[in-house]
Each structure stands twice: as C-alpha cells, then as structure tokens.
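Engineer: Sending over a structure as structure tokens; questions will come in a sec.
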Amino acid sequence: MSIQLLNHEVKDDMHSTNRLMQEEPPPIKDFLFDYLKKSEKNIQELISHAKFSDIIENVLEDCFDKVISLGEREESLGILATVLLHYLLTNTLVSSQRKIECDGIQIDIIIPNLKTLEIDPKKTLIICIPKTIDKNTIEQKLNQLQKIQPIKENIWLVITKELDFQNKTYVIEKKNETFSKIIYDIVEFENIHGESKFKILRI
C-alpha cells in the first residue's frame, strides 16, 4: 500500500480517535487530544516507516508524568494505553473493536472483531487493560475473558507493573520495552492469523 493511501485512511482515523476521546475523563482526554494533534505530522511519518516503538516511547516520555498527575495512577495509565492503542491500530489499518460486550463480559480491545471470535478464536486477539494493579481483580477479569476466548495465549494484558501472570504481559511505564513493542506484536499476530487485505506492515 502506498503512503498516500495510508495517509488518506489516517484522516478518517482521526475522527474515530475523536469519538474515543469523548468517552474518557475530560482532563486526560483534552491533554492527549492536544498532544496527538500537535504531534500528528511526526507520528504519521514514523508510522509510514513502521517505527511504532519510537512513537510509543515518545508518547510515554512526553505524556506519562502529566497523565498520572491528572488522576489515579493505574486508571490514568490505563486510559493512556487505551487511547494510544486505539489511535495506532486505526492508523495502521488493523481492524479492531473496543469497549464492547460479549455474553455480559466487557472487552477493552478485540482484534479483529466479535464475529471472528465466535467463528475462529485462534484468529482473534483480546487485549485486557484492567486499570488496576490488584492481582485478584485482574485474575478474575482474565478468568472471565477466558470463558469467551478459550485460547489463553490470545488474551494479552496491559498493566502498570510486572505481575506473575501466564498471559503475555505488557507493562506501561517509561523506558519499558515490552509496551513499546506491542504494536509490532499485534501486527505480527494479524499478519499470521488475520485476513486483512492490506498486508502493509510485515515485521
């Protein structure tokens, strides 16, 4: 796919990001929206070269301290992770749904969608962003998700510090290589298991 086509899709994706921002607490929403808007040109340039780790590292370096000053730490960082992942997924043309329910269980992010989960769980990835560091609460959430996604390896976890879970885990903090690599891992998963007609981001 050409960079021109990617940039055309990006314009539509900013509208999707705007809708996402409206659902989050206003101070964090306003701060992240302003940051993404001001950084859009640089971010799109990095996306066109598949430099996703650089984007995430830059956002964390610039936004981490401010975001945690605007609310409770785990919740604030969970919002940052959700907003950033949604923005990058839509800009990289990876199909996803967020804040959606299945059998009464809320899913933070699902790739590509619920329909695929019902038909073929091995082609479906769920990303859990619990916005807490309480291990029991997280474990309960993971157990709930495994009722609808029986393949445990396809439930990934984004939290604020390393805990002893068997699920693939990404820690959102400054200078942490796990979270900065999450888009590479998602794209790799999608290229292997997905059916996207645009295989533009082969890692």
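Engineer: Run the reach check for Lys37 against lysines, Cα to Cα strictly under 17 Å, same-chain hits fewer than 8 apart removed. What comes back?
Structural biologist: Counting by Cα, and skipping residues close in sequence, Lys37 has these lysines nearby: Lys11, Lys29, Lys66.
Engineer: Let me ask something else. So what is the relative contact order of region 85-203, in percent, for Cα pairs below 8 Å that sit 6 or more residues apart? Mind dumping the intermediate values first?
Structural biologist: Numbers: 169 pairs, mean separation 23.0, N = 119.
Across region 85-203, relative contact order equals 19 percent.
Engineer: Which of rounded, prolate, oblate describes region 98-201, given a ≥ b ≥ c as roots of the alpha-carbon gyration tensor eigenvalues and a/c under 1.5 marking rounded, otherwise prolate only if a/b is larger than b/c?
Structural biologist: Oblate, since a/c reaches 1.5 and b/c is not below a/b.
Engineer: Then there's this: For region 3-193, what class follows from the C-alpha gyration tensor (a ≥ b ≥ c being the square roots of its eigenvalues): rounded when a/c is under 1.5, otherwise prolate if a/b is larger than b/c, else oblate?
Structural biologist: Taking the square roots of the gyration eigenvalues as a ≥ b ≥ c, region 3-193 is oblate.
Engineer: While we're here: Taking a ≥ b ≥ c as the square roots of the eigenvalues of the Cα gyration tensor of region 72-147, is the shape rounded (a/c under 1.5), prolate (a/b larger than b/c) or oblate?
Structural biologist: Numbers: a/c = 2.51, a/b = 1.16, b/c = 2.17.
Because a/c hits 1.5 or more and a/b fails to exceed b/c, region 72-147 counts as oblate.
Engineer: Follow-up question, since we're still on this one. So what is the relative contact order of region 26-85, in percent, for Cα pairs below 8 Å that sit 6 or more residues apart?
Structural biologist: 39
Engineer: Tell me, what ³J(HN,Hα) does each residue in region 121-136 have, in order and in whole Hz, if you take phi through Karplus 6.51 cos²θ - 1.76 cosθ + 1.60 with θ = phi - 60° and put x for Gly and Pro?
Structural biologist: 3J(HN,Hα) across region 121-136, in whole Hz: x, 5, 9, 10, 10, 10, 10, 9, 10, x, 6, 8, 10, 6, 5, 5.
Engineer: With an 8 Å Cα cut-off and a minimum separation of 6 or more residues, compute the relative contact order for region 3-193 in percent.
Structural biologist: Relative contact order of region 3-193: 19 percent.
Only the coordinates and a few stated rules stand behind these numbers; no lab work does. Because the structure is predicted, anything quoted here is derived from the model rather than measured.
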